[in-house]
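J.: Once you've had a glance at the structure underneath, I'll fire off some questions.
Just so it is clear, none of the values below were taken in a lab; they were calculated from the coordinates. Quick caveat, the model's predicted, so the values are computed rather than measured. Glycine gets a Cβ as well: all are built from the backbone with ideal geometry, and neighbour counts include every protein chain shown.
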Amino acid sequence: MNINALTKRIRVFLLFFIIALLLSGITAFPLEWELNLLNQIVSNPSLPFSSFPDLVKWIGFVNRGVQETYRQFPFMAYGTDWLAFAHIVIAIAFWGAFKDPVRNKWVVEFGMIACVLVIPTALIFGSIRGIPFFWQLLDCSFGVFGIIPLWMCRNAILQIESITNY
């Protein structure tokens, strides 16, 4: 494969990753509204979610917790605002790798390390905070699925380096 094709492949995977991070960040801002909507959807008896009673119960419990917390302590929402901000800032960091993948290979490797660290973080702190195991696995999936496009990018970057003796 030539350098232009490899660079295009890298940019496609990075664009996907950047958009995913941006969406993840942006959707953290309206958390209260989103949870309320999700709770209404999964609680609807005409939809198939009744086959997953633990999921329905968990989403209802989380929704109630967020609604009550935000009502009594609205400043707690500031934490998810910063979570959203962090996702957006990390997405911006990947723009450097999008522009010059070989020079900014470290950004891709940083992202891969972060994806790996999602798994112990979700499992350790999920257990400490009483998060159901099925939800911890869902959180782990962000690291598992996030590392795939980054791995593909890194492989293509290594190919470019071998072609150009960078």
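J.: Quick one: angle between helix 105-128 and the longest Cα principal axis of the chain, in degrees between 0 and 90, rounded to 10, please.
T.: With rounding to tens, the tilt is 20 degrees.
J.: Any chance you could give the angle, 0 to 90 degrees and rounded to 10, that helix 3-26 forms with the longest Cα principal axis of the chain?
T.: The angle comes out near 20 degrees.
J.: So the label point goes 7 Å from the Cα of Tyr70 along Cα→C-beta, right? Which residues of the range 1-35 then have their backbone N under 19 Å from it?
T.: 23-35
J.: Can you give the net charge of the other residues whose Cβ lies under 12 Å from the Cβ of Leu158, counting K and R as +1 and D and E as -1? Intermediate results must be reported in sequence, preceding the final value.
T.: Values: positive: Lys105, Arg154; negative: Glu109, Glu161.
Overall, the nearby charge balance is 0.
J.: Suppose every Lys and Arg Cβ carries +1 and every Asp and Glu Cβ carries -1, with no other charges. What dipole size does the range 17-83 come out with about its Cα centre, to the nearest 20 debye?
T.: Its charge dipole is roughly 120 debye.
J.: Mind checking the range 91-143 for trypsin sites (Lys or Arg not before Pro) that DSSP puts in a loop (not H, G, I, E or B) and that have at most 11 other Cβ atoms within 10 Å?
T.: Details: sites: Lys99, Arg103, Lys105, Arg129; in loops: Arg103, Arg129.
Passing both the DSSP loop test and the Cβ count: Arg129.
J.: Between rounded, prolate and oblate, where does the range 67-125 land on the alpha carbon gyration tensor, with a ≥ b ≥ c its root eigenvalues, rounded for a/c under 1.5, else prolate if a/b exceeds b/c? Walk me through the numbers before you get to the answer.
T.: Working: a/c = 6.16, a/b = 1.91, b/c = 3.22.
Cα axes put the range 67-125 in the oblate bin.
J.: Quick one: net charge of Asn36's neighbours, Cβ under 13 Å, K/R +1, D/E -1?
T.: Numbers: positive: Arg64, Arg71; negative: Glu32, Glu34, Glu68.
In short, -1.
J.: Right, another one. Could you check the spin-label model distance between Leu38 and Ile163? Points 7 Å from the Cα along Cα→Cβ, value in nm.
T.: Taking the two extended label points, one gets 4.1 nm.
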